[in-house]
Amino acid sequence: MPKKTFTDKQIAKAAHNVRKRILGLCIERGGCYLAQACSSAEIVTSLYMKILNLGPSLGNPDAQPFPGVPGPKNMDYPKGSLYNGYDSKNPDHNIDRLFVSCCHYASVIYCTLVEAGRLSERAIEKFNVDGWNMEMIGAEHSPGFENTAGSLGQTVSIAAGTAHAYKMKGYKGKIYCMLSDGELEEGQDWECFQAAAFYGLDNFIVYVDVNHQQLEGWTKDVMNTEPMIERMKAFGWEAVEVDGHDIKALAAAAKTPHKGKPLMVLCQTNPDQDMPIISKLMPKHFITVTDDATREEYTKFYKSM
Amino acid sequence: MKLELNRHNANILRMAEEHPEILVLSADLGSSCEIKEFSKKYPDRYLSMGIAEQNMCSWAAGLAREGYRPFIHTFSVFLYRRILDQLEMSVAYPNLPVVFCGFVPGITTPGGVTHQSTNDIGVVRTVPNFAIFDIGDATEIDSVLDIAYNYNGPVYIRQLRKAVPRLFPADKPMVFNRARVISKEKDADVTIFSSSICTEEALRATVALKNKGVKVNHLHVSTLKPFTDPQVVNACKNSKYGVLTIENGTVVGGLGTCVAELMAEKGIQKPLIKVGLQDQYAHGASKMYLLEHYHMDAMTLIKGVEKLMGVKLGIKKQDLQEIRFEDFTAV
């Protein structure tokens with residue numbers, strides 16, 4: 001089967017659809033991680049539809065009942081990575097892998113899978129529904145997820161360990177990891193950055209959604225992490241900054257030469273991109289729709305999208 | 001009894017030769033965890049991770065996902081207390097075969113409270129998917145890495161290092177989830193369960209107790225999780241006055257608690273005395289001093305037996321020292 005390709009225009013449309021679908025969920029369910037959809041829609045759609053070299057989805061296009069927690073008697077449950085074309089039981093080491101650390105972005109991942117033709121539209125009906133595999137915060141059984149990332153700081157290390165394994169085994173696939181900027185406050189990220197540079201993991205690329213906001217408010221007010229470019233370069237990484245809503249720039253950044261070094265792409269984004277109804281809200285970490293007036297305002301905007 | 005030197009070193013080298021997918025990860029305590037020779041012999045399979053245990057743990061999870069078998073090395077205290085969330089979410093939840101080789105368990109370090117893993121068994125026991133092995137002699141060091149390698153999931157080992165006595169025959173390896181029966185009586189007065197370095201203490205006590213005519217069941221326990229050995233249940237049942245445990249760590253959550261839970265589940269209504277740290281931290285000093293100072297030694301065990309039986313046996317400290325002295329001159 002020839003690899004499906006998407007034009008930038010199609011990706012832009014997909015990003016729009018992701019935002020719209022998540023606004024719909026937000027209204028329907030009374031709340032959602034909507035600002036993260038606004039900030040990361042182009043990043044995630046570009047990763048899935050342009051940047052990553054993925055295999056065709058091997059996952060069931062429909063939502064599935066939760067397959068049970070992993071354990072000695074339950075290791076063969078369907079993994080989220082199947083939707084990225086990676087089957088851990090029969091792995092293709094030439095394709096890329098994506099580790100999503102900011103797993104509260106699950107709705108963005110699921111909706112992007114829909115746009116990329118890897119998940120059915122009706123699967124989204126099971127988003128955050130009790131007993132299904134489409135949780136609000138994804139884990140390794142959730143479509144698109146490699147691992148259980150809810151405790152921040154760990155996934156970048158797990159992804160780096162995977163990249164290290166790929167490098168030692170001489171596999172061609174690249175290991176991508178996606179973070180949100182608030183996570184950069186975690187100490188473990190920096191332990192990992194130091195080790196990834198030490199082992200010269202030039203098959204390791206980290207995309208950061210720098211949306212400048214976290215639960216308590218603006219990142220600069222909660223705990224400053226800047227200047228990131230200088231910090232990463234001082235840690236022995238290659239680092240570039242791009243407009244996180246510019247699909248061309250997002251894709252070009254992945255091609256930045258980073259011989260002998262890991263690469264970080266800092267994507268500058270707006271947490272209310274294309275969503276003026278939340279521009280005045282602060283903080284925006286989790287947006288709730290609980291009163292009739294808000295519901296009406298959001299619904300009106302949803303219909304105009 | 002013979003003292004053996006650096007058995008972990010010998011065994012990790014043997015395992016590496018047998019299993020090419022084994023990697024050794026070190027958080028800068030390699031020479032203190034008997035992996036220095038490994039680093040020389042297998043430089044490409046020795047991953048120096050620096051003093052950064054959180055990253056080492058999650059990194060190992062990534063390696064394990066790709067078919068490697070990481071054996072991560074540092075002091076046991078840094079493998080659970082410092083990195084419990086990484087141990088749970090990176091390794092335990094996905095049930096990955098990462099082996100935590102934790103050295104200087106309990107009070108076997110003069111490093112003081114920061115270096116003493118005194119509540120690790122209780123903590124790690126609450127983590128699903130993990131197996132826990134508490135090593136007591138050279139024969140167990142020779143066996144445990146194979147058991148860990150063959151276990152379907154993550155493993156936490158309280159490993160001993162340097163000079164370790166060979167208490168058990170070299171040709172009778174440790175068996176998964178099976179206690180080692182050291183002495184068994186038909187109608188026992190008491191049953192003693194011991195683990196880690198405290199088995200030496202229990203051995204000293206049982207010799208003296210037997211000399212006084214006390215009928216003692218003595219079982220050495222090295223698998224702390226799972227804890228479903230029928231021998232343990234049977235020994236508790238066959239124990240007229242009650243049961244004692246002695247362990248290298250706090251009695252909250254460790255061997256004593258394991259036995260208590262099993263006795264309650266099986267409806268065995270007998271008194272239980274748990275010898276070990278009594279819900280407290282310890283300070284830095286030599287192993288022998290700490291065992292005595294915190295009442296984790298043979299004399300404490302004997303007093304416990306006296307209490308259960310309601311007798312005075314007249315065993316003196318000197319009698320015990322003689323026994324130990326004989327043992328150690330046999331090297």
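Readers should treat all values here as calculations from the given coordinates under stated rules, not as data from a laboratory. Everything numeric in this text was worked out from a predicted model, so none of it was measured. All Cβ positions, even for glycine, are placed from backbone atoms using ideal geometry, and neighbour counts span all protein chains on display.
What to note about this one:
- Peptide A:158-170 shows a mean partner chain C-beta count of 6 within 10 Å per residue C-beta.
- Seen through its C-alpha gyration tensor, with square-root eigenvalues sorted a ≥ b ≥ c, region B:201-243 comes out oblate because a/c lies at 1.5 or above while a/b is not bigger than b/c.
- Sorted largest first, the principal axis extents computed over the alpha-carbon atoms of chain A equal 57, 44, 38 Å.
- Modelled label reach - A:His93, point 7 Å along Cα→Cβ, region B:39-55 residues with backbone N closer than 20 Å: B:43-47
- Shape category assigned to region B:2-166 from the gyration tensor of Cα positions, a/c cut at 1.5: rounded
- Note on A:Lys13: lysines with a C-alpha under 19 Å away, same-chain residues under 8 apart excluded, are A:Lys4, A:Lys50, A:Lys248, A:Lys303.
- Rounded to the nearest 0.05, the FRET efficiency derived from the C-beta distance between B:Lys40 and B:Lys2 at R0 = 25 Å is 0.40.
- For A:189-199, mean number of other protein chain Cβ atoms within 10 Å: 4
- For region B:12-77, a/c is not less than 1.5, where a ≥ b ≥ c are the root eigenvalues of the C-alpha gyration tensor, and a/b does not top b/c. That puts it in the oblate class.
- Listed residues A:Tyr48, A:Gly217, A:Asn147: farthest to the positive end of the dipole of the protein assembly as shown (Cβ charges): A:Asn147
- Mean sequence separation of contacting Cα pairs (under 8 Å, at least six apart), scaled by the length of region B:180-329, corresponds to a relative contact order of 26 percent.
- Pairs from A:Lys169/B:Lys41; A:Lys220/A:Lys300; A:Lys172/A:Lys284; A:Lys3/A:Lys261; A:Lys259/A:Lys280 whose Cα-Cα separation, in the structure shown, is over 31 Å: A:Lys220/A:Lys300; A:Lys172/A:Lys284; A:Lys259/A:Lys280
- Mean-position separation - Cα centroids, region A:1-50 and region B:247-322, in angstrom: 62
- Projected label distance in nm at A:Glu216 and A:Thr290, using a 7 Å step from Cα toward the beta-carbon: 2.1
- With the gyration tensor restricted to C-alpha atoms of region B:180-329, the semi-axes of the equivalent ellipsoid amount to 22, 19, 14 Å, longest first.
- Full-extension gain in nm, A:Lys172 to A:Thr256, via 0.36 nm per residue minus C-alpha separation: 28.5 nm
- The convex hull drawn around the Cα atoms of the protein assembly as shown, when projected onto a plane and averaged over every direction, covers 30.9 nm².
- Loop sites in region A:189-289: trypsin sites (Lys or Arg not before Pro), DSSP, at most 15 other Cβ within 10 Å: A:Lys255, A:Lys259, A:Lys280
- Over 25 Å between alpha carbons, listed pairs B:Lys215/B:Lys274; A:Lys79/A:Lys255; B:Lys237/B:Lys287: A:Lys79/A:Lys255; B:Lys237/B:Lys287
- The mean number of Cβ atoms from other chains found within 10 Å of a Cβ in peptide B:84-96 is 5, as a whole number.
- Using Cβ point charges alone (K and R +1, D and E -1), the dipole size of chain B about the Cα centre works out to roughly 800 debye.
- Mean separation of Cα contacts under 8 Å (6+ apart) over length of chain B, as relative contact order %: 17
- Per-peptide average of other Cβ atoms within 10 Å, ordering B:176-185, A:106-115 highest first: A:106-115, B:176-185
- Here's how it looks for A:Gln214: its modeled amide H is under 5 Å from those of A:Thr219, which are all 5 or more places away or on a different chain.
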